[in-house]
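Colleague: Pasting a structure here, questions to come.
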Amino acid sequence: MTVNDRRLRATEPPADWMPSSWQRRVALQQPHYEDATELARATTQLAALPPLVTSWEVLALKQALAEAQEGERFLLQGGDCAESFSDCTSPVISNRLKVLLQMSLVLVHGLKKPVLRVGRFAGQYAKPRSADNETRDGVTLPSFRGDVVNGPAFTAEARRADPQRLIQAHAHSALTMNFVRALIDGGFADLHHPEYWDLAWVEHSPLAAEYRRMVAGIGDSLRFMETLAGPIASFSRVDFFTSHEALLLHYEQALTRQVPRNPGWFNLSTHFPWIGMRTAALDGAHVEYFRGIRNPIAVKVGPSVTPEQLLPLIDALNPQDEPGRLTLIHRMGNAGIARALPTLLDAVRREGRRVLWVADPMHGNTESTSNGYKTRRFDNIRGELDQAFDIHAAAGTRLGGVHLELTGEDVTECMGGARDLSETDLKRAYKSMVDPRLNYEQSLELAMLIVRKSEGSAG
Ligand code: PEP
Ligand code: CO
């Protein structure tokens, strides 16, 4: 089979696949909807609404991810653990975008290669939970599963799985997407004006000063080049893609579409859906759904995954070894990565399988404090990322990106970092309803660490 044949074959879904064929498998982490007719009415309405992204954007991202697999790009994927409908506001969206743009500027400058920017937003509304129910003071209610399913308040009314929320999630994703697209098309990401990305409340940060020195240097080079060559349009805008955990399969199915000139099925709710660690079983509903769509896809890989489990998963999700198709996001924890990662890297390399390896240094480092906060220590996050680079270098593989939970808001959710936040600082501005996120300084510090690590391995 030639490379071209293989590309053609990869456009057709497997013969026994349909957007609904996941319903024949066990689907973990789904809510219980009381009224099947009400659910069917909502999904029918959703299936008639316009998609949020287009198939050609999806294919452009797949191509860019194929380049990242070859080491020609670096992936920066980040955003909230879970978006909420109430945070679908101008400042929250633009501040998050600002942090991601600043980080990507640090990375482009330091890595000397294009950075692929993928937001964890415009659809990140469903959350896996460790228990189906939650009990408080003797009262047991369904767990909060994200705004696309139910509400966070601890009342029977809020916790009921409400199919109308499927429509609301689509609408809030569209509002977010529309604003991000307008900002980017309107010149917000223009390299001539990086001051647009400044966050008012970080003026006195020592890292902000280092960042500004770098920006001033870039501005000088830009003016110098444009003096020689004239205005360079590609500095005025950037590409930005979206991603979310495609957990709630009724929602994903309703947005799985065929389009006129590209064969096959696309999930047009997002460019880059991923399978979470808890729903990645080979015979489960999520793997069944994902194997038939043409999007580039990712899978979270936790510390208990063995090569015997990972290789069949790669076969199921990318049987043609298509470039750009499959990203593996390892999330092992600072304490576990040295033990868990090397055997997986060796197995995938030995089999000659094409994947993009990405590190999520957040989800293996979650802990609870004595005063009841779910937090992560910045030292553990940094430590895992630091080790990830070294372990890949030793295995002869490449760490091609990072996956982070972060926000542009002034939060105190992760301990440590430039301001050395302590356990008692957490209560000052702990806003996350789910996992703790990096704040601006902690995010920028990680971007700088990535640059230092890559300089170390290049030198
Ligand atoms: C997440 O990304 O928020 C998440 C739940 O991750 P994981 O599936 O890796 O636990
Ligand atoms: Co999370």
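The values are calculated or read from the model by the stated rules, or taken from the named source; none is laboratory data. Since the model is a prediction, treat every value here as computed from it, not as a measurement. Backbone-built Cβ (ideal geometry, glycine too); neighbour counts: all protein chains shown.
Colleague: Just give me the residues in the range 98-127 being small (Gly, Ala, Ser), farther than 23 Å from residue 62 by Cα and within 16 Å of ligand 1 (Cβ to nearest atom), in sequence order.
Modeller: Listed by number, the list holds a single entry, 126.
Colleague: While we're on this one: Specify the residue that is surrounded by the fewest Cβ atoms within 10 Å (Cβ to Cβ); the eligible residues are those in the range 243-263 that are within 15 Å of ligand 2 (Cβ to nearest atom) and assigned to a loop (DSSP other than H, G, I, E, B).
Modeller: 247
Colleague: Among the residues in the range 350-368, are any out of contact with any helix residue (DSSP H, G or I) (no Cβ under 6 Å at 6 or more places or on another chain), part of a helix (DSSP H, G or I) and under 30 Å from residue 239 (Cα atoms)?
Modeller: No: the range 350-368 contains no residue that is out of contact with any helix residue (DSSP H, G or I) (no Cβ under 6 Å at 6 or more places or on another chain), part of a helix (DSSP H, G or I) and under 30 Å from residue 239 (Cα atoms).
Colleague: Restricting to the range 118-156, count the residues that are free of Cβ contacts under 8 Å to residues at least 40 places away in the same chain, acidic (Asp, Glu) and out of contact with any strand residue (DSSP E or B) (no Cβ under 8 Å at 6 or more places or on another chain).
Modeller: 1
Colleague: When the residues of the range 396-433 are narrowed to those that are surrounded by fewer than 18 Cβ atoms within 10 Å (Cβ to Cβ) and aliphatic (A, V, I, L, M), which ends up farthest from ligand 2 (Cβ to nearest atom)?
Modeller: Here the residue is 418.
Colleague: Given the criterion at pLDDT 95 or above and surrounded by 17 or more Cβ atoms within 10 Å (Cβ to Cβ), identify the matching residue among 146, 138, 110. If you could, list the steps in order and put the result at the bottom.
Modeller: Values: 138 fails: surrounded by 17 or more Cβ atoms within 10 Å (Cβ to Cβ); 110 fails: at pLDDT 95 or above.
Result: 146 is the single residue among 146, 138, 110 that is at pLDDT 95 or above and surrounded by 17 or more Cβ atoms within 10 Å (Cβ to Cβ).
Colleague: Tell me, which helices (runs of 4 or more DSSP H) lie completely within the range 26-118 with 1 or more residues that are within 16 Å of ligand 2 (Cβ to nearest atom) and under 21 Å from the mean Cα position of the chain (by Cα)?
Modeller: It comes to 90-111.
Colleague: So, one more: Taking the condition closer than 24 Å to residue 128 by Cα and not basic (Lys, Arg), does residue 418 pass?
Modeller: So residue 418 does not fit the description; no.
Colleague: To continue, here is another question. Only residues that are over 20 Å from residue 273 (Cα atoms) and either away from ligand 2 (no atom under 16 Å from the Cβ) or of a type in the set (Gly, Ala, Ser) (or both): list them for the range 317-342, please.
Modeller: Taking the range 317-342 first, the residues over 20 Å from residue 273 (Cα atoms) are 332-342.
Once the filter is applied, which keeps residues that are over 20 Å from residue 273 (Cα atoms) and either away from ligand 2 (no atom under 16 Å from the Cβ) or of a type in the set (Gly, Ala, Ser) (or both), the range 317-342 yields 333, 334, 335, 336, 337, 338, 339, 340, 341, 342.
Colleague: If you don't mind, another one. Within the range 172-180, can one find any residue that is assigned to a loop (DSSP other than H, G, I, E, B) and either closer than 26 Å to residue 403 by Cα or touching a Leu at 6+ places or on another chain (Cβ under 8 Å) (or both)?
Modeller: So far as the range 172-180 goes, no, none of its residues is assigned to a loop (DSSP other than H, G, I, E, B) and either closer than 26 Å to residue 403 by Cα or touching a Leu at 6+ places or on another chain (Cβ under 8 Å) (or both).
Colleague: I need a count of the residues in the range 277-303 that are surrounded by fewer than 22 Cβ atoms within 10 Å (Cβ to Cβ), among the small types (Gly, Ala, Ser) and not in a helix (DSSP H, G or I).
Modeller: 4
Colleague: Checking residue 384 against (1) in a helix (DSSP H, G or I); (2) crowded, with 20+ Cβ neighbours inside 10 Å; (3) more than 16 Å from ligand 2 (Cβ to nearest atom), which single condition isn't satisfied?
Modeller: (3)
Colleague: Going through 350, 428, 354 one at a time, which residue ends up being of a type in the set (Lys, Arg), out of contact with any Gly (no Cβ under 8 Å at 6 or more places or on another chain), without any contact (Cβ under 8 Å) to a residue 12 or more places away in the chain and more than 16 Å from ligand 1 (Cβ to nearest atom)? Before the answer, list the steps.
Modeller: Values: 428 fails: without any contact (Cβ under 8 Å) to a residue 12 or more places away in the chain; 354 fails: without any contact (Cβ under 8 Å) to a residue 12 or more places away in the chain.
Exactly one residue qualifies, and that residue is 350.
Colleague: Of the numbered conditions (1) over 30 Å from residue 65 (Cβ atoms); (2) within 18 Å of the chain's Cα centre (by Cα), residue 157 satisfies every one except a single condition; which is it?
Modeller: Looking at each condition in turn, residue 157 falls short on (2).
Colleague: Does residue 269 satisfy being modelled with pLDDT of 75 or more and touching a Gly at 6+ places or on another chain (Cβ under 8 Å)?
Modeller: Yes.
Colleague: Taking the range 264-316, which residues are under 15 Å from residue 358 (Cα atoms), within 16 Å of ligand 2 (Cβ to nearest atom) and without any contact (Cβ under 8 Å) to a residue 40 or more places away in the chain?
Modeller: Answer for the range 264-316, where residues must be under 15 Å from residue 358 (Cα atoms), within 16 Å of ligand 2 (Cβ to nearest atom) and without any contact (Cβ under 8 Å) to a residue 40 or more places away in the chain: 273, 275, 299.
Colleague: Could you check how many residues of the range 128-152 are touching a Leu at 6+ places or on another chain (Cβ under 7 Å) and more than 16 Å from ligand 1 (Cβ to nearest atom)?
Modeller: Count: 2.
Colleague: Additional query: If you take the residues of the range 2-42 that are modelled with pLDDT under 95 and of a type in the set (Ser, Thr, Tyr), which of them is farthest from residue 130 (Cα to Cα)?
Modeller: 2
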